[in-house]
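The structure appears below as structure tokens.
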Amino acid sequence: AALRLGFEDAARAGRAASEPAREGQGIMESALARVTGLVTVRRGDQVVWGDTVPAEIEASRRLLEAGDLAGATARLQRLPAPARSGLAAWLDQAEALLAARAALRDLVAG
């Protein structure tokens, strides 16, 4: 439950960490970065053009809400390093919980 409650803050941090710095950019680079952040072209679940981070985070949110913590975590692990760094604390907690669940399964299995 704590992971679900903390996901929004972690997602916000991941999105913020993935945004490129705008200092030193020319007008065209800044405009392109802004448009890329606003427009996403998809083919099904695949992002064809635009920022993949929000799409991956949203897909992870849906998996988490469906009870698939392993799937949500795996999806977030595919994010670029800056976005993952924003989600690091949440990912660490999720991976610890998954490891604990696996250890319990192994213990019960004998």
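Since every read-out is calculated from the coordinates, none of them should be taken as a lab result. Note that this is a predicted model, so its numbers are computed, not measured. Glycine gets a Cβ as well: all are built from the backbone with ideal geometry, and neighbour counts include every protein chain shown.
State the extension gain, in nm to one decimal, for the chain segment bounded by R4 and A31, taking 0.36 nm per residue of separation less the distance between their alpha-carbons. It would help to have the intermediate numbers written out before the result.
Details: separation 27, 0.36 × 27 = 9.72 nm, distance 3.49 nm.
Extra length available between R4 and A31 comes to 6.2 nm.
For a quick check: sort L76, L63 by the number of other beta carbons within 10 angstrom, fewest at the front.
Lowest count first: L63, L76.
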